[in-house]
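Taking it in order: structure first as structure tokens, then the write-up.
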Amino acid sequence: MTALGFLYPGHSAEDDYPRIEQLLGSDVRLDLVHTDIGEDAPERLAKGVEQLRLAGAEAIVWACAGGSFVHGWEGAQEQVRALATTAGMPASATSFAFVHAVRELGSLRVAVGATYPEDVAGLFVDFLGAGGVEVTGVHSAGVVTAAEVGAWREAEILALARAADTPEAAAVLLPDTGLHTAAFLPALEKKLGKPVLTANQVTVWEALRLTNRRVNAPGLGTLFTREPIVQV
């Protein structure tokens with residue numbers, strides 16, 4: 001059994017995690033601890049670490065893109081290093097998960113469909129650029145609250161992805177762990193005709209990567225079915 005730990009801000013799309021656990025269909029357990037929204041300082045994140053450690057987690061991921069990339073590449077790295085030191089195990093964050101997943105797929109030109117306001121979406125584009133990922137198109141939905149995003153379903157998510165997509169993009173990224181996407185990944189990829197990477201999906205994949213696990217799970221999209229192109 002591989003136990004993976006996640007620090008998840010607030011309550012929005014946390015039910016994606018038991019769904020993903022079921023879709024993995026293997027000996028993987030996903031343990032989730034909630035943090036307060038906006039509390040992304042290492043000392044605050046550390047409050048949930050002990051609970052995950054006692055649960056037997058082998059790696060921890062801060063399941064939040066915005067609470068990571070807004071600090072820039074170096075700031076996000078410092079955040080993850082502090083988390084790993086506190087946890088005494090490998091650690092990462094959703095923002096880095098996107099970069100690593102894009103590299104693995106070899107899709108270094110992407111489109112971004114962001115629920116965030118334009119300025120925040122721009123910070124994510126900058127973060128991707130620092131990781132060597134080129135953004136060919138970006139669309140901002142301008143949503144501020146996680147509660148609103150958490151109510152979106154397949155139609156709204158597909159519209160966001162389509163609004164961002166460009167012919168040059170090899171993949172479409174949807175960077176918000178507040179979005180429910182685990183149930184819609186195959187449908188989104190079929191309708192767009194290319195890989196779709198979503199926040200909760202890549203967060204779980206990143207935790208598996210940290211523990212050197214690879215699980216074939218077609219229900220979770222291309223990322224969980226492809227052999228690695230680039231080892232990170």
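Just checking, how many residues over segment 139-155 are under 18 Å from Gly193 (Cα atoms) and surrounded by 15 or more Cβ atoms within 10 Å (Cβ to Cβ)? Working first, answer last.
From segment 139-155, those under 18 Å from Gly193 (Cα atoms) are 154-155; that's our starting set.
In the following step, the residues that additionally are surrounded by 15 or more Cβ atoms within 10 Å (Cβ to Cβ) were identified as none.
Total meeting the criteria: 0.
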Item to check | Qualifying positions in segment 104-126 - at pLDDT 95 or above and over 26 Å from Glu148 (Cβ atoms) | outcome: Arg109
Item to check | Some residue of segment 18-38 being acidic (Asp, Glu), more than 20 Å from His100 (Cβ to Cβ), at pLDDT below 90 and surrounded by fewer than 19 Cβ atoms within 10 Å (Cβ to Cβ) | outcome: yes
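Tally time: how many residues in segment 195-223 are free of Cβ contacts under 8 Å to residues at least 60 places away in the same chain and either over 10 Å from Thr181 (Cβ atoms) or not polar (S, T, N, Q) (or both)? Outline the logic, then answer.
Let us first name the residues in segment 195-223 that are free of Cβ contacts under 8 Å to residues at least 60 places away in the same chain, namely 196, 198, 212, 214, 216, 218, 221.
In the following step, the residues that additionally are either over 10 Å from Thr181 (Cβ atoms) or not polar (S, T, N, Q) (or both) were identified as 196, 212, 214, 216, 218, 221.
Summing the residues that are free of Cβ contacts under 8 Å to residues at least 60 places away in the same chain and either over 10 Å from Thr181 (Cβ atoms) or not polar (S, T, N, Q) (or both) in segment 195-223 gives 6.
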Checklist entry - Of the residues Ala161, Ala199, which single one is crowded, with 20+ Cβ neighbours inside 10 Å, closer than 20 Å to Pro18 by Cβ and small (Gly, Ala, Ser)? => result Ala199
Checklist outcome for this item: Here, strands (runs of 3 or more DSSP E) confined to segment 20-110 with at least 2 residues that are more than 16 Å from the chain's Cα centre (by Cα) and not assigned by TED's automatic domain parsing to the domain that holds Pro186 are 28-35
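The values are calculated or read from the model by the stated rules, or taken from the named source; none is laboratory data. Given the structure is predicted, the values throughout are model-derived calculations rather than measurements. Counting neighbours? That spans all protein chains shown, and the Cβs are built from the backbone with ideal geometry, glycine included.
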